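The values are calculated or read from the model by the stated rules, or taken from the named source; none is laboratory data. These numbers were taken from a predicted model, which means no experiment stands behind them. In this analysis, Cβ positions are derived from the backbone assuming ideal geometry, glycine residues included, and neighbour counts consider all displayed protein chains. Heads up: the accessible areas ignore ligands, DNA and RNA and are worked out on the full protein's heavy atoms, side chains in. Shrake-Rupley method; radii C 1.70, N 1.55, O 1.52, S 1.80 Å.
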Amino acid sequence: MYLVIDGKKISQEIKDELKEKAAAMKAQGEERCLAVIQVGSDPASTVYVNNKKKACTYIGINSLAYELPEETTEEELIGIIGELNERADVNGILVQLPLPKHINEERVLLAIAPEKDVDGFHPVNVGNLSIGRPGYVSCTPAGVIQLLKRSGIEIEGKECVVLGRSNIVGKPMAMLLLRENGTVTVCHSRTKNLKEITRRADILVVAIGKPKFVDESYVKEGAVVIDVGIHRNENNKLCGDVDFERVAPHTSAITPVPGGVGPMTIAMLMSNCMQ
Ligand code: GUN
């Protein structure tokens, strides 16, 4: 039998711990405040942003919402970030991605002060992670580590394979697994003999962005499989990068979609805000 890792339950545990921490902090006269900036009205982004605001309210973190029109210029956006960087009452700044095409994402992310970059996207934070210094860590991969640890899955000494090399998930995921003393391989779209490599994995993290890409032929018997993907299929049903029905019986533990990695991202964002 395999364990279905319950991301909803684990994220709730983390949020409840943070809620206690926030209350204790408040009793000492200290508060946290997250500024969330959305440019335009992409419906998926609106859902994410609203969930972030709701999580702040639940935990007791103040939030400032900036809902900027689609026509906002890069200069205006960077100007607002500059003001938030200076504000002592704001300790976290998050710019929801993707940004409209006329805005250079890299320039915007670079404008956020690293010490307020709760998304962990600034090169200073990415660099700190890679050399083992403290700093903010990208929320989704940080959430994967929590899922593993809180499910009693040991990482040290394990063969860990990360499928996907994005700056937001694949690369920081590899760094975090390495920090936990895993033996880490990163695979991507140009990897040769992909299945040969993924079948070595004790822990396989899939963040490749293709619905149901991974079937049982990619997975070693008894492996732990973490699915970071989220897609909507033709019937409007959510699915991941892993074909859950086919893969699950071959694993010792697996995350479902929805209810696996997804809920952890916000929990870890909140954790970063409380840091
Ligand atoms: N868009 C999709 N995921 C994320 C995320 O984790 N952070 C931000 N800022 N934007 C996103």
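Each peptide in 97-103, 3-9 receives the mean, over its residues, of other Cβ atoms within 10 Å, and ordering these scores from highest gives 3-9, 97-103. The count of lysine pairs in segment 119-238 whose Cα atoms are under 14 Å apart, excluding pairs fewer than 8 places apart on the same chain, comes to 4. Relative to the dominant Cα principal axis of the chain, helix 170-179 is inclined by about 80°.
Model label points for Ser41 and His102, set 7 angstrom from Cα along the Cα-to-Cβ axis, are 1.7 nm apart.
Take the Cα of Glu31, go 7 Å toward its beta carbon, and the backbone nitrogen atoms of segment 52-81 under 12 Å from that spot belong to 60-64.
Is the shape of the chain rounded, prolate or oblate, going by the alpha carbon gyration tensor and its root eigenvalues a ≥ b ≥ c, with a/c under 1.5 for rounded and a/b larger than b/c for prolate? The shape class here is prolate.
Classify segment 17-76 from the C-alpha gyration tensor, please: rounded if a/c falls under 1.5, else prolate or oblate depending on whether a/b exceeds b/c. Oblate, since a/c reaches 1.5 and b/c is not below a/b.
Whole-Hz Karplus values for segment 108-124 come out as 5, 5, 5, 6, 6, 4, x, 6, 10, 7, 5, 7, x, 8, 5, x, 5 Hz, taken residue by residue from phi with 6.51 cos²θ - 1.76 cosθ + 1.60 and θ = phi - 60°; glycine and proline positions read x. Per atom type, segment 55-196 shows carbon and sulfur on 51% of its accessible surface, probed at 1.4 Å. Rolling a 1.4 Å probe across the protein heavy atoms gives the chain an accessible surface of 49 Å² per residue. Loop-located trypsin sites (Lys or Arg not before Pro) across segment 191-275 with a Cβ neighbour count of 15 or fewer within 10 Å are Lys192, Arg200, Lys237, with loop assigned by DSSP. The lysines within cross-link reach of Lys52, meaning a Cα-to-Cα straight distance under 22 Å and a gap of 8 or more places when in the same chain, are Lys8, Lys9, Lys15, Lys19, Lys21, Lys26, Lys116.
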